[in-house]
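Q: Questions regarding the structure given below will be posed in turn.
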Amino acid sequence: MSGKVYIVGGGPGDPGLITVKGLKVLRQADVVLYDRLISPELLREIRNGAELIYVGKERGEAEIQEGINALLLKKARMGLTVVRLKGGDPYVFGRGEEECLFLIERGVECEVIPGVTSAIAGPAYAGIPVTSRWYSSGFSVVTGQRADGSAMDLDYIPKKGTVVLLMSVSRVEEVAENLMKVRSERTPVAVIEKATTEGQRVLTCTLRELAKTVREHNVTSPALIVVGEVVELRNKLWKFK
Ligand code: SAH
C-alpha cells in the first residue's frame, strides 16, 4: 500500500512558529524533504533513523521541481510517511498545490498542513499589523516576480490597504516604480530581512526611497516589503531589540 505525503508549512523562520499538527507529523515522518528557508532547529525534531533530504532550489527551476515530485512519489510508493516541509505556508507562493496535485493524480494520498506565512508573521515580528481599524481594512500579498520572469502585474496592486510584497528585493527598482503608479511616493514602507529569525533586520522609509534603501543597506533574500500606513504603528508596537 502506498504511504502518505504531508505537505507541511514550516513557518517563516522562528522554529516556534510551526503548527502543533505540523510538528506532530514531522516527528512521525520516515522521510523529510525540506526547503532552503527551513530552520535547522526544526530539522532536529525528526526521529532517529528518518531520512532527511534537502531539495532547496532557486525559483523557477522546472527540472528540480520535477525531481522533487518524482522523489515524493517514489518515497510514498515505498509505503513511507513522507513530509514535504516548506517555508511559511505551502499555498502562499509555495507551489504546494503543484506537488499535491501531482500526487493525487497518481493515486497517492496527500494532505496539506497550513503554516504561518512570512507575509503576516514577518510584519508582526517587526511591530506591523497587516490590518488595523485606524489604517487599513485589507491587505494583499503580491509577488514582485512572475514565474516567466515578466514584469509585475499592476492589477494586483490595490489603490488602498496594505500591500505585502514577496520575492521583490532583487527587482526592487521595477517594483517601486510600479507601486508609485498606484500609490503616493510618500507612502510608508518597511523592508524586513530574515523575518522572525535571530538575524531579522527592519528598515523603514517612504515608497520613493525604497529602491535606494534596499540597495544602500544591501538587503538580501529572504526579505519582504510592506507598503501602507500600518507601517506607522511599528513606532508604537515594536517591542523587540
Ligand atoms: N510560502 C512562503 C513564501 C515563499 S516565496 C511563505 O508563506 O512565507 C519566498 C519569499 O517569501 C521570499 O522571497 C521572501 O520574500 C519571503 N520570505 C520567506 N521567508 C521570509 C523571511 N523569513 N523573512 C522575509 N521574507 C521571507
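Q: Please list, ordered by chain and number, the residues whose modelled amide H lies under 5 Å from the amide H of Glu51; skip anything fewer than 5 residues away on the same chain.
A: When sequence neighbours closer than 5 places are left aside, the close amide H contacts are Val31, Val32.
Q: Sticking with this one: Can you give me the distance in nm between label points at Asn235 and Lys212, each placed 7 Å from the Cα along the Cα-to-Cβ direction?
A: Once both label points are built, they end up 2.0 nm from each other.
Q: Place a label point 7 angstrom from the Cα of Glu97 along the Cα-to-Cβ direction, then list the residues of the range 1-33 whose backbone nitrogen is under 17 Å away.
A: So the set is 7-9.
Q: Give me the aspartates and glutamates in straight-line cross-link reach of Lys74: C-alpha distance below 15 Å, same-chain residues under 8 apart excluded.
A: Filter leaves Asp30, Glu51, Glu66, Glu99, Glu105, Glu109.
Q: Just the Cα atoms of the range 118-240, one point each, no solvent: what log10 I(q)/I(0) does Debye give at q = 0.14, 0.22 Å⁻¹?
A: Here log10 of I(q) over I(0) equals -0.51, -1.35.
Q: Compute, for the range 136-183, the length of the dipole vector about the Cα centre, with Cβ point charges of +1 (Lys, Arg) and -1 (Asp, Glu) only. Units Debye, rounded to 20.
A: The calculation lands at about 240 debye.
Q: Could you tell me the convex hull volume per residue, in Å³, taken over the Cα atoms of the chain?
A: 128 Å³
Q: So what J values fall out for the range 188-197 if you push phi through Karplus, 6.51 cos²θ - 1.76 cosθ + 1.60 with θ = phi - 60°, rounded to Hz, Gly and Pro as x?
A: With coefficients 6.51, -1.76 and 1.60, one gets x, 9, 10, 10, 10, 9, 6, 4, 6, 9 Hz.
Q: Moving to a separate point now. Of the cross-linked pairs Lys160/Lys181; Lys24/Lys194; Lys181/Lys212; Lys160/Lys194; Lys159/Lys236, which ones have a Cα-Cα span greater than 21 Å in the structure shown? Let's see the in-between values first.
A: On the way: Lys160/Lys181 13 Å; Lys24/Lys194 25 Å; Lys181/Lys212 18 Å; Lys160/Lys194 27 Å; Lys159/Lys236 25 Å.
Result: Lys24/Lys194; Lys160/Lys194; Lys159/Lys236 exceed 21 Å.
None of the figures in this text is laboratory data; all of them are computed from the coordinates on show. Bear in mind the structure is a predicted one, so any value in this text is a computation, not a measurement. Heads up, the Cβs are rebuilt from the backbone with ideal geometry, glycines too, and the neighbour counts pull from every protein chain shown.
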